[in-house]
Amino acid sequence: MPSLRVDVIDIDDPTDARVDDFRDLNSVDRRPDLPALPGGRIGKGLVIAEGVLVAQRMIASRFSPHAFLGVDKRLAELADDLADPSVQGVPFYRASAEVMAEVVGFHLNRGVLGAARRPDALAVTEVVASARTIAVLEGVNDHENIGSIFRNAAGLGVDAVLFGAGCADPLYRRCVRVSMGHALLVPFARFDDWPRGLSVLRDNCFRTISLTPGEGSMPLSDTVDAAKVAFLVGAEGPGLSETVMRASDVRARIPMSRGTDSLNVATAAAIAFYERARAGTT
């Protein structure tokens, strides 16, 4: 085993205050990954990584972990990553599966958690500066869909994700888990002024493509060949607002069959990302 840079600390008492950042992960009024709690209380707003792979991606990201909680087996599996200088002195709280379950509030099959504080948010201008393919979300408030979009973005060459109005928190624990940690690696930012903020994409020479099955839309494959492309996707059901679609350069549809009018938003986004990659322009 390589020389670990973390400090391994054994935890036998599930009430130990040192593991409070991992406590009650399913509690709607106490969970540590919520920036705001019921009743207007301020939450910790921590970023929680679940499992070896997601913990590895947290270590490699700008979300620097300040603590780990896990069983001895996962400590051994993470040994190479925990030898990195970036985790020097970070506590790894080693516990049995039973103690860990009491802390977390349920049995965690993945056997390890990482916790990080949120760094300063990236600005939209910072995110788009070097990007060539971007996903822009409006009203996407399902955490699993957001996590899937990040995973699809990472796998299909999308450089960044931008959030308009009505979107859920991409650093919510479920988003991070479903994304397999890619929500920590793919740059993202929120528009302060929506939808007028879309002008930054025009200023940076992006073709903005609204994904919609509506009348007047072009086949998706005919729209993806610009040097820079931003795909706009909306929530399932309502889709993109008419205001946003009017602000985009083109409306594009995915050809459908058997009377189906639309796809899951993460699936539709993945098809758009693939068409862009297939065009050889990413």
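The values are calculated or read from the model by the stated rules, or taken from the named source; none is laboratory data. Source: prediction; values computed, not measured. Methodologically, a virtual Cβ is constructed for each residue, glycine included, from the backbone with ideal geometry; neighbour enumeration extends over all protein chains shown.
Tally up the residues in region 224-239 that are without any contact (Cβ under 8 Å) to a residue 60 or more places away in the chain and over 21 Å from ASP142 (Cβ atoms), please.
3
Kindly provide the set of residues from region 227-256 that are part of a loop (DSSP other than H, G, I, E, B), modelled with pLDDT of 95 or more and charged (D, E, K, R), ordered by number.
Answer for region 227-256, where residues must be part of a loop (DSSP other than H, G, I, E, B), modelled with pLDDT of 95 or more and charged (D, E, K, R): LYS228, ASP249.
Would you say GLU144 is closer than 24 Å to LEU211 by Cβ, modelled with pLDDT of 95 or more and acidic (Asp, Glu)?
Against the criterion (closer than 24 Å to LEU211 by Cβ, modelled with pLDDT of 95 or more and acidic (Asp, Glu)), GLU144 qualifies.
Among the candidates VAL136, VAL104, VAL112, single out the residue that is in the same structural domain as GLU50 (by TED's automatic domain parsing), in contact with a Leu (Cβ under 6 Å, 6 or more places away or on another chain) and either of a type in the set (A, V, I, L, M, F, W, C) or closer than 30 Å to SER199 by Cβ (or both).
VAL104
When region 174-223 is examined, which residues are found to be more than 19 Å from ASN141 (Cβ to Cβ), small (Gly, Ala, Ser) and free of Cβ contacts under 8 Å to residues at least 40 places away in the same chain?
Result: SER199, GLY214, GLY216, SER217.
Could you please find all residues in region 35-46 being hydrophobic (A, V, I, L, M, F, W, C) and touching a residue at least 40 places away in the same chain (Cβ under 8 Å)?
LEU46
Could you pull out the residue among LEU137, LEU108 that is more than 30 Å from LEU69 (Cβ to Cβ) and outside any helix (DSSP H, G or I)?
It is LEU137.
Look through region 112-134, keep the residues that are assigned to a loop (DSSP other than H, G, I, E, B) and charged (D, E, K, R), and return whichever of them is farthest from ARG23 (Cα to Cα).
Of everything passing the filter in region 112-134, ARG132 is farthest from ARG23 (Cα to Cα).
State all residues of region 29-40 that are over 20 Å from the mean Cα position of the chain (by Cα) and either part of a loop (DSSP other than H, G, I, E, B) or among the charged types (D, E, K, R) (or both); if no residue qualifies, say none.
Matches in region 29-40: ASP29, ARG30.
Pick from region 1-10 the residues that are more than 19 Å from ILE48 (Cα to Cα) and assigned to a loop (DSSP other than H, G, I, E, B): which of them is modelled with the lowest pLDDT?
MET1
Can you tell me how many residues within region 146-161 are assigned to a helix (DSSP H, G or I) and of a type in the set (Val, Ile, Thr)?
2
Run down SER210, SER248, SER179, SER199 and say which single residue is surrounded by 17 or more Cβ atoms within 10 Å (Cβ to Cβ) and out of contact with any helix residue (DSSP H, G or I) (no Cβ under 7 Å at 6 or more places or on another chain).
SER248
Among the residues of region 41-100 satisfying the criterion of being assigned to a loop (DSSP other than H, G, I, E, B) and of a type in the set (S, T, N, Q), which is surrounded by the fewest Cβ atoms within 10 Å (Cβ to Cβ)?
GLN88
Can you name every residue in region 173-215 that is of a type in the set (D, E, K, R) and in a loop (DSSP other than H, G, I, E, B)?
ASP192, ASP193, GLU215
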